[in-house]
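Visitor: Here you go, one structure.
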Amino acid sequence: MKPFSIKMNLENGNLEEYRKKIVRRLSDMKGFYIDQEKEKRELSKDPVIYEVYEVSTPSEAGQLSYGVTILYPGKIGEEYYMTKGHFHEKESTGEIYIGISGSGILLMETKDGDHHFIEMRRGTIAYVPPNWAHRSINTGKEMLTFLAIYPSDAGHDYGTIEKKGFRKVVIEVDGKAKIMDNPRYQ
Ligand code: S6P
Ligand code: ZN
């Protein structure tokens, strides 16, 4: 393949072109939020939680892909809007996140019990090492946008998180974001 470039608006992360757009609504992530009653109630409106604009290259070792995530501001109960979160199917692959706008938290954990978080804002360059599941949470009032760069053959394992959840959750307490143990973690 030939080298290429695409322009990104550094204020809002908009890409002038992309290969694939993914829109995730609440109905695409049923059962993810702690307050299941509130989740069910919000499902009648089925809000968009986030969008991903991907520039993917062939899924082969050595290739890199990238994508911009736009995570809307909002909460289900006291829990902030978040991405599904995933491990990479090929566990030996890492990833880089670059914050473009808004503010939030990048929550990470390993299968053997380690966890970590990084505050994301404009200019933050976060490194997700191999073997770490990652989920983004919008704790602000604006869109949280970031650019993710990852090996094209990384793949997504959503199933593990769908079943178990993350060990930690991010909820609003007295107007502030707090990271707490997930009462529904299995
Ligand atoms: C891909 C990378 C991001 C996420 C995006 C949405 O490896 O980590 O582009 O795909 O932030 O999150 P999720 O968990 O729905 O894929
Ligand atoms: Zn990833």
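The values are calculated or read from the model by the stated rules, or taken from the named source; none is laboratory data. These figures come from a predicted structure and were not determined experimentally. Positions of Cβ are generated from backbone atoms using ideal geometry, with glycine treated the same way; all protein chains shown enter the neighbour counts. Just the protein is used for accessible areas: all its heavy atoms, side chains included, with ligands, DNA and RNA removed. Shrake-Rupley method; radii C 1.70, N 1.55, O 1.52, S 1.80 Å.
Visitor: Mean-square fluctuation check for the chain, GNM, Cα pairs under 10 Å: which of Glu17, Glu119, Glu109 is largest?
Guide: Glu17
Visitor: From the backbone phi of the stretch 9-24, what are the Karplus-calculated ³J(HN,Hα) couplings (6.51 cos²θ - 1.76 cosθ + 1.60, θ = phi - 60°) in whole Hz, Gly and Pro given as x?
Guide: Couplings: 6, 6, 7, 10, x, 5, 9, 5, 8, 7, 9, 8, 10, 10, 10, 10 Hz.
Visitor: Treating only the Cβ atoms of Lys and Arg (+1) and Asp and Glu (-1) as charged, compute the dipole magnitude of the chain about its Cα centre; round to the nearest 20 debye.
Guide: 300
Visitor: Next question, about the same structure. Take the Cβ-Cβ distance between Lys38 and Met1 as r, set R0 to 35 Å, and report the resulting FRET efficiency rounded to the nearest 0.05. Walk me through the numbers on the way to the answer.
Guide: On the way: r = 46 Å, r/R0 = 1.32.
It comes to 0.15.
Visitor: Quick one: if you stick a label point 7 Å off each Cα along the C-beta vector at Tyr158 and Val48, how many nm between them?
Guide: 1.7
Visitor: Cβ neighbours within 10 Å, averaged per peptide: list 23-29, 158-164 in order, most packed at the top.
Guide: Top to bottom by mean Cβ count within 10 Å: 23-29, 158-164.
Visitor: In addition: Skipping prolines and chain starts, which residues have an amide H placed within reach, meaning under 5 Å, of the one on His86, given they are 5 or more residues away or on another chain?
Guide: For His86, the qualifying residues are His134.
Visitor: Can you compute 3J(HN,Hα) from phi for each residue in the stretch 170-186, using the Karplus curve 6.51 cos²θ - 1.76 cosθ + 1.60 with θ = phi - 60°, rounded to whole Hz and x for Gly and Pro?
Guide: 10, 10, 8, 10, 6, x, 10, 6, 10, 9, 10, 5, 7, x, 9, 5, 10
Visitor: Given a 1.4 Å probe, how much area per residue of the chain is accessible, in Å²?
Guide: 53
Visitor: Can you list which of the GluC sites (Glu not before Pro) found in the stretch 29-83 are DSSP loop residues with at most 10 other C-beta atoms within 10 Å?
Guide: Those that pass, being in a loop and sparsely packed, are Glu60.
Visitor: Can you order the peptides 63-74, 122-133 by their average number of other Cβ atoms within 10 Å per residue, highest first?
Guide: Listed from highest to lowest mean packing, they are 63-74, 122-133.
Visitor: Then there is this: Taking the convex hull of the Cα atoms, report for the stretch 1-106 its projected area averaged over all directions, in nm².
Guide: Over all viewing directions, the stretch 1-106 projects a mean Cα-hull area of 8.1 nm².
Visitor: Now, a different point. Return the distance in nm (one decimal) between the two label points of a simple spin-label model at Lys176 and Lys141, each offset 7 Å from Cα along Cα→Cβ.
Guide: Label-label distance for Lys176 and Lys141, simple model: 1.8 nm.
Visitor: For the stretch 85-149 and the stretch 39-78, write down the distance between their C-alpha centroids in whole Å.
Guide: So the two Cα centres are separated by 13 Å.
Visitor: Find which of Met29, Phe166, Gln186 sits farthest along the positive direction of the dipole of the chain, computed with +1 on the beta-carbon of Lys and Arg, -1 on that of Asp and Glu, about the Cα centre.
Guide: With unit charges placed on the Cβ atoms, the residue in question is Met29.
Visitor: Okay, next question. State the percentage of accessible surface on the chain attributable to carbon and sulfur atoms; use a 1.4 Å probe and exclude ligands, DNA and RNA. Numbers along the way, then the final one.
Guide: On the way: 4900 of 9850 Å².
On the chain, the fraction of accessible area on carbon and sulfur atoms equals 50 percent.
Visitor: Sticking with this one: Using just the helices of the chain, give the 222 nm mean residue ellipticity in deg cm²/dmol: DSSP H runs with n ≥ 4 each add -39,500 (n - 2.57), and the total is spread over all residues, rounded to 500.
Guide: -1500 deg cm²/dmol
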